[in-house]
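Okay, so here's the structure we're looking at.
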Amino acid sequence: MPNRVNRREFVLSGAAAVVAATVHPAAQAPSGGQAPAVMVRKTVKPVVIASNNGNIYKNGGDVTGVAKAFNLMIGGSDVLDALVAGVNLCELDPLDTSVGFGGLPNADGVVQLDSSCMHGPKKRAGGVACLEGVKTPSLVAKAVMENTDHHLLVGRGAQEFARNMGFPIETDLNTERSRTLWLEWKRRVDPDHYLDPIKRSAACYDAGLQMVRDGLIEFDHFWGTINCDGISPKGEICGVTTTSGLAWKIPGRIGDSPVLGAGLYVDGDIGAAGSTGRGEANLYNLSSFLIVENMRRGMAPKDAGMEALKRIRANTIEQRLLAKTGEPKFQLQFYILNAKGEFAGVSIYPSKYAVCTEQGPQSLDCEPLYPNRPAQD
Ligand code: ASP
């Protein structure tokens with residue numbers, strides 16, 4: 001008789017293979033011979049989620065970042081390797097002014113990049129901050145994870161590490177577009193603002209937001225980043241965040257993206273959360289960690305994210321950050337998935353996020369905390 005396997009048997013044997021592969025070491029049969037208590041991890045529907053630029057930029061190719069990551073992951077690549085390859089598309093694409101090459105520079109016109117990554121199954125992590133001269137900081141973050149005992153390298157040390165790891169160091173990561181926008185910002189900022197740090201900070205923020213209102217920078221790209229998280233059919237979860245950070249930031253400013261728990265958090269047994277938007281809100285509230293902990297306590301991804309947005313809202317009391325009507329002046333998005341493969345995007349104001357499943361890539365609406373952005377002050 002031919003050795004035919006019908007679909008049901010195929011699915012069952014596939015599940016059995018995954019179960020066999022995911023028996024917890026502590027559950028192996030003791031030498032005394034009792035049957036092991038087998039921890040079964042079910043197969044999940046694989047998915048990759050990301051900020052919406054993950055489904056926009058192609059760096060001259062045919063696929064977007066989420067589709068590239070999903071295809072590599074389904075093809076058997078390590079999940080983090082797949083996600084990093086996906087965000088590399090955005091980092092290298094000069095049209096994406098929020099990450100990597102062509103990211104909007106700091107107040108001195110220098111592009112300084114932040115990134116972190118977390119590997120759920122290996123329980124390892126790495127990050128770089130204020131990194132200059134390397135187009136793909138996510139790959140340097142992964143190199144920190146793979147080659148060092150540390151979790152975060154900063155500034156010149158991060159660049160020296162990258163050089164030693166064989167990354168080419170560019171003299172300038174600006175593109176014509178990012179430098180032109182920086183010059184425009186300089187033109188608009190009060191020339192004596194350097195004399196008064198508080199006035200300077202307010203002037204920087206307001207000039208940037210005015211450029212958003214003038215249509216020069218997208219609202220989501222005044223901040224802007226890519227976070228990308230995925231879960232494989234075996235239930236392996238990873239995540240990566242990479243960014244050029246807040247446009248026109250004070251040189252040396254580090255955002256939430258490279259800080260574990262702020263712009264990214266992965267617990268391989270629970271889920272992943274990552275963010276784009278005002279990094280200071282995530283540094284203050286450790287929002288990505290908070291979201292994963294909310295899921296640990298049983299919340300669905302959307303509820304876990306909305307709870308974090310409410311906490312952030314409650315902790316935002318400075319008038320300069322609030323519209324006259326009381327809502328935050330800034331945007332913040334979270335991209336969240338759990339160990340069952342359930343996922344959500346949530347945001348303070350309406351926006352999109354990117355998803356790729358077996359049905360292909362798409363952009364979906366984030367669940368917003370507020371239905372509309374406040375009228376301009
Ligand atoms: N959250 C990042 C930061 O604050 C980047 C961003 O999304 O703008 O640096």
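The values are calculated or read from the model by the stated rules, or taken from the named source; none is laboratory data. Remember, it's a predicted structure, so these values are computed and weren't measured experimentally. Please note: Cβ atoms are built from the backbone with ideal geometry, for glycine as well, and neighbour counts cover all protein chains shown. Keep in mind that these areas ignore ligands, DNA and RNA; they rest on the heavy atoms of the full protein, side chains included. Shrake-Rupley method; radii C 1.70, N 1.55, O 1.52, S 1.80 Å.
Summary table below
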| quantity | calculated |
| --- | --- |
| Net lengthening on full extension, Asp149/Arg297 (0.36 nm per residue, minus Cα-Cα) | 50.2 nm |
| Residue-normalised accessible area of the stretch 244-327, given per residue in Å² at a 1.4 Å probe | 40 Å² |
| Share of carbon and sulfur in the accessible heavy-atom surface of the stretch 268-377 [1.4 Å probe, %] | 49 percent |
| Pairwise centroid distance, computed over Cα atoms, of the stretch 289-362 with the stretch 113-162, Å | 25 Å |
| Chain lengthening between Asp269 and Ile317 when straightened (0.36 nm per residue, less Cα-Cα) | 13.8 nm |
| Peptide ranges 106-119, 48-61, 137-150 listed from the most packed, as the mean C-beta count within 10 angstrom indicates | 106-119, 48-61, 137-150 |
| Sparse-neighbourhood loop sites, chymotrypsin sites (Phe, Trp or Tyr not before Pro) in the stretch 275-363 - DSSP loop, at most 12 other Cβ within 10 angstrom | none |
| Loop GluC sites (Glu not before Pro), the stretch 273-377, which have at most 14 other Cβ atoms in a 10 Å radius of their Cβ (DSSP) | Glu318, Glu358 |
| Whole-Hz ³J(HN,Hα) from phi, Karplus 6.51 cos²θ - 1.76 cosθ + 1.60, for the stretch 328-338, glycine and proline x | x, 7, 10, 9, 8, 10, 10, 10, 9, 9, 10 |
| Inter-label distance, nm, simple model (7 Å from Cα along the C-beta direction), Arg179/Asp81 | 3.7 nm |
| FRET efficiency, Arg187 to Glu358 (Cβ-Cβ, R0 45 Å, nearest 0.05) | 0.35 |
